[in-house]
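Below is one structure, written out as structure tokens; comments come after it.
The values are calculated or read from the model by the stated rules, or taken from the named source; none is laboratory data. Keep in mind the model is a prediction, meaning the values are calculated, not measured. Note that each Cβ is placed from the backbone with ideal geometry, even for glycine, and that neighbours are counted across all protein chains shown. In case anyone asks, the SASA skips ligands and DNA or RNA and just uses the protein heavy atoms, side chains included. Shrake-Rupley method; radii C 1.70, N 1.55, O 1.52, S 1.80 Å.
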Amino acid sequence: MKRKKKLRFIYLQVILAVYIIMFGVVLSVGRNVLYSSKKSMLSILNENDFSGSVSPEKAQTVLIWEGDETGKDARTEMTAILSQMRIPFTETEASGFTEKDLSGRNTAVLAVTDLNLLGSRLTSLLNWVIEGNSLLFLYSPDNEAGFIAIADRLGITGVGNTLSKVEGLHFTSSIMPGSGRDLAVSDPYRSSLEVTLDDECEVFLEAAGSSQTPLIWRRKLGDGTVVFDNLNFLEKAYRGFHCAAFSLLNRDCIWPVINGSTFYIDDFPSPVPEGDSQFIQSEFGMDIKDFYTHHWWKDVYNLAKKYNIRYTGLVIEDYSGQVSGVFPSNKDITRFQYFGNMLLREGGELGFHGYNHMPLVPENFDYLGMYDSYRQWVSVDAMRDSLNELDRFCRELFPEEEFHVYVPPSNIISEEGRALLAEDFPQIRAIASLYLPDDNDVSYSQDFTVTEDGMVQTPRIISGYVLDEYMRTAAMSELYFHCVNTHFQHPDDTLDTDRGAALGWTELFRRLTDYVEWLHNALPQLRNLTGSELTGAVQRYDKLQIRREEDDNSIHLSLGGFKDEAWFYLRVNDGKPGRMTGGTISQAADGLYLVKATMPEVEIEIIR
Ligand SMILES: [Zn+2]
């Protein structure tokens, strides 16, 4: 009896304990939900928050370039790629190149169109590779005597008389995140050498379709390595592909990255925009206002919930053309509150787009005849007054929010407008304009960096719902180069035929969903950040100084300008990473690893 009673007592105690634990879990989960929707995952820091410095690395890479048009483009691209990978390098023009330029180096990048320019120095260069160094052909030289003479040493057994028109890209191994999907080339031309290769070549990228023209391959040459980049698209949208080619050269390659994905919604919240509603009418039988609430927002909201995206909305107070005088406040706030609060409740964030959609440019600014409906501001004071009204409006509607991100209307901003933001609106810490330069010279394009005035540049790489193959290419390129995704959409993309309105919202949303799914599967470790969290991530990336020390079995990193975390991609071409101290490591693609440093000294074991 006694024993039974005791057992029952213990039984009750266990139930009680389980109950208390469960109650605690529920409470803490609830608190976390509230907490995470308010607190930033990654704070924006001040200049003096970054401490320590490391002595600079010795340059081990030399860039040899020719001053013709292709050589100049290649030099521009490679200079950007190497500097942002924090690979110190020296450079020399091909005509002045001597063997001395190779002394103390282990890697050469060749951006030369006419190899005859190098004469016998080409043989010296190849002999230097044979001794155990690495050489990247950044683009295909002209198919002339100098090239034909060395082609076999690059693994080339035959070269066609004409160049090959590459209509698509196909990865033969998954060296880049997301490379399982072929990419079509949007404006194909005869771009690449039509080559056949020997069996010792490892091909990583080839033309999609029947030609299978090799586009990036690697081959041993003596004790050294040659990588040949036959892609020949020397522009910003392809930097990640050339970065990939470079990273295949040596045993390991490690470079700092951002690790962040941000989705912006421009003009949101805003008054109901104007536009051609015929497509909405015929597809849904409703007006623009109802379409936005019942279809557009419902769809993009649910997509974000499914993939943990936290949108950054950019507020427009009024679609007026006013550029002087007193700026009246918009009294029609229902939509602002409804959409704004819903976005914030899901952990999103709001930033500034403008009082209206007139770019911050003074009267003498030249739109080059491209924006007929746009007006210039009468003075910097008028710009300031309009932003003060926007600031007041936003604070009144969303008193708990801080507004750190500014997106220039139509991606246009003047020096005056930029200076105004930096000086008079210190809460604005980031400007998010375009990453890829636009066809017109009016747009403001940026790199992921911090400018001297402390303003953080968090450019948007791709946009809209059409998401054509060029955008998909740029997205994949940047997922490798910087480990970053930035996308912006406008609600009124659905009303503009140039942005795909005629395809209908069902198709446009299918494309957005397809992209988001691809991104998620390409790199599940990619962090979903708001605009200001991305600002914090770009600061940590930009301020970082790195000193690498490598031996047969390990990589040691000493980090300067380190605050609390730093991210890297590590490509290991020979072996695989083992244990790590000072951080964590996970696989991102074949031979590619995402490294998080949590200490300023990091050691990664490499098992060869
Ligand atoms: Zn806009």
Positions within segment 567-592 being under 27 Å from Val226 (Cβ atoms) and crowded, with 19+ Cβ neighbours inside 10 Å, in sequence order: Phe568, Tyr569, Leu570, Arg571, Val572, Pro577, Ala588, Ala589, Gly591, Leu592
In segment 439-463, residue surrounded by the most Cβ atoms within 10 Å (Cβ to Cβ) [restricted to those that are within 16 Å of the chain's Cα centre (by Cα) and farther than 20 Å from Asn259 by Cβ]: Ser463
Members of segment 480-492 that are closer than 17 Å to Ile309 by Cβ and within 16 Å of the ligand (Cβ to nearest atom): Thr486, His487, Phe488, Gln489, His490, Pro491
Residue pairs meeting the criteria (Cβ under 6 Å; at least 6 apart or on separate chains; first within 16 Å of the ligand (Cβ to nearest atom), in segment 400-427; second in a strand (DSSP E or B) and open to solvent by 10 Å² or more (accessible area, probe 1.4 Å)): Asn411/Leu434
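Got a number for residues in segment 121-148 being of a type in the set (Gly, Ala, Ser) and without any contact (Cβ under 8 Å) to a residue 12 or more places away in the chain?
Looking only at that region, the number is 0.
Being of a type in the set (Val, Ile, Thr), under 18 Å from the mean Cα position of the chain (by Cα) and crowded, with 23+ Cβ neighbours inside 10 Å narrows it down to one of Val602, Val595, so name that one.
Just one listed residue meets the conditions, Val595.
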Qualifying residue in segment 316-327 (condition: within 14 Å of the ligand (Cβ to nearest atom), within 30 Å of Asn521 (Cα to Cα) and crowded, with 19+ Cβ neighbours inside 10 Å): no
Residues satisfying the stated conditions in segment 123-147, i.e. open to solvent by 10 Å² or more (accessible area, probe 1.4 Å) and part of a loop (DSSP other than H, G, I, E, B): Glu131, Gly132, Asn133, Ser140, Asp142, Asn143, Glu144
Some residue of segment 455-470 being in a helix (DSSP H, G or I) and farther than 30 Å from Asp290 by Cα: yes
Matching option when the condition is in contact with a Cys (Cβ under 7 Å, 6 or more places away or on another chain) and away from the ligand (no atom under 16 Å from the Cβ), among Arg219, Arg310: Arg219
